[in-house]
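What follows is a short report on a single structure.
Throughout, read-outs are computed from the coordinates displayed, never taken from laboratory work. Everything quoted here is computed from the prediction, not taken from an experiment. With ideal geometry, Cβ positions are generated from the backbone for all residues, glycine too; neighbour counts draw on all protein chains shown.
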Amino acid sequence: MNQRYAHPLEDEALEHLDELLAASGRIARRHFHGELEALDAADKGGDTGYDPVTEADRAIEALLRAGISAMSPGDRVVGEENGASGPDDARRTWYLDPIDGTKAFLTGMAGWGTLVGLVEDGRAVAGFMDQPVLGETFGAVHGRAIVRRRPDSTSPGGPSLVELRTSGCRELSEAIMYTTHPSMFGDDGEDRRRYDELGRRVRLQRFGGDCYAYCMVAAGRVDLVVEADLKPYDIVALIPIVEAAGGVITGPHGEQPLEGGTVVAAATPELAEQAWAVLRGES
């Protein structure tokens with residue numbers, strides 16, 4: 001990845017991140033293709049609903065946390081499984097989701113990925129999404145977004161690097177929209193009614209995808225992702241990827257949604273604003 005990335009991460013740090021993602025990918029593939037019982041899935045959701053965590057989640061986060069802390073000991077690290085470590089007043093915070101889409105992972109679907117995002121001085125400035133089963137790493141640092149595809153039988157030779165660019169879609173009626181699951185917006189009530197209305201206004205609505213759907217916005221295959229009840233580690237890594245490809249990921253007030261919550265990822269600012277207008281009940 002370091003061939004195409006620049007500040008705010010030096011080449012040495014990017015090479016280290018490459019190595020960490022390669023190692024985490026080996027863990028993920030071993031568990032994904034292994035025996036179901038070996039995943040050691042536990043339910044951490046309790047009364048809020050089934051929320052699985054697997055041995056792969058735990059092992060990958062431990063590896064990434066240790067590697068990033070060794071690389072940048074003055075930085076803060078926040079992960080889904082083990083919370084925060086490092087100085088509270090650090091200028092930079094790394095956000096880790098070892099397997100974003102654990103339900104997909106557990107059920108043998110490939111929409112999940114490993115997320116590593118960096119916030120510096122209050123802005124998401126770098127992000128990576130690694131999907132080791134598909135052999136793809138999406139990444140963005142300082143305004144350039146690429147996907148690196150590792151070679152397979154159809155593309156021999158070294159890894160291919162492809163620049164990412166959103167579709168440029170500006171109209172809801174022409175948009176392809178993804179949401180991991182509509183229950184994010186509740187089973188009934190005003191939020192769900194407005195979400196359902198948004199679904200009726202787009203050209204095509206599909207469900208699933210988790211973090212991969214956001215990367216497809218950056219790749220120009222999907223125009224809109226609308227989700228709710230996200231945590232920071234679910235979204236921080238994806239913001240730079242979509243932004244560097246020409247799109248936006250915004251919260252209710254047009255801000256980078258560093259705290260998660262309800263988010264809209266869109267190919268263009270115009271499309272994002274149209275989606276938010278429906279979600280606010282203004283259109």
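Between Glu259 and Ala110, what length comes free when the chain is fully extended (0.36 nm per residue of separation minus the Cα-Cα distance, one decimal in nm)?
Details: separation 149, 0.36 × 149 = 53.64 nm, distance 2.59 nm.
Computed gain between Glu259 and Ala110 is 51.1 nm.
Please express the Cα-Cα pair-distance distribution P(r) of the stretch 151-283 as a list of whole percents, one per 10 Å bin, running from 0 to the bin with the greatest distance.
Result, from short to long distances: 13, 45, 30, 8, 3, 0 percent.
Run the numbers for Lys231 and Arg149: contour at 0.36 nm per residue of separation, minus the present Cα-Cα distance, in nm. Don't jump to the answer; show the numbers that get you there.
Values: separation 82, 0.36 × 82 = 29.52 nm, distance 2.79 nm.
Between Lys231 and Arg149, full extension yields an extra 26.7 nm.
So if R0 is 35 Å, what FRET efficiency would Glu19 and Thr48 give, r being the distance between their Cβ atoms, rounded to the nearest 0.05?
The computed FRET efficiency comes out at 0.45.
Please report Trp112, Trp276 as a ranked list, fewest other C-beta atoms within 10 angstrom at the top and most at the bottom.
Trp276, Trp112
Taking neighbour Cβ counts within 10 Å as the exposure measure, how do Tyr95, Tyr214 sort from fewest upward?
Lowest to highest Cβ neighbour count: Tyr95, Tyr214.
Quote the FRET efficiency, to the nearest 0.05, computed for Ala84 versus Arg123 with a Förster distance R0 of 22 Å and r equal to the Cβ-Cβ distance. Before the final figure, lay out the partial values.
Numbers: r = 19 Å, r/R0 = 0.85.
Approximately 0.70, to the nearest 0.05.
As a footprinting exposure proxy, order Arg58, Arg26 by other Cβ within 10 Å, with the fewest listed first.
Going from least to most buried by this count: Arg26, Arg58.
With a point put 7 Å past each Cα toward its Cβ, work out how far Glu171 is from Val133 in nm, to one decimal.
3.7 nm
With the Cα gyration tensor of the stretch 11-163 giving a ≥ b ≥ c as the square roots of its eigenvalues, does the rule (a/c under 1.5 for rounded; else a/b larger than b/c for prolate; else oblate) give rounded, prolate or oblate?
Oblate is the answer for the stretch 11-163, as a/c is 1.5 or above yet b/c matches or exceeds a/b.
For the stretch 149-283, what is the relative contact order in percent, using Cα pairs closer than 8 Å and at least 6 residues apart in sequence?
Reported as a whole number, the value is 28 percent.
Rounded to the nearest 500, what is the 222 nm mean residue ellipticity of the chain from helices alone, with -39500 (n - 2.57) per DSSP H run of 4+ residues and division by all residues? Don't jump to the answer; show the numbers that get you there.
Values: 8 runs with 87 residues, N = 283.
About -9500 deg cm²/dmol.
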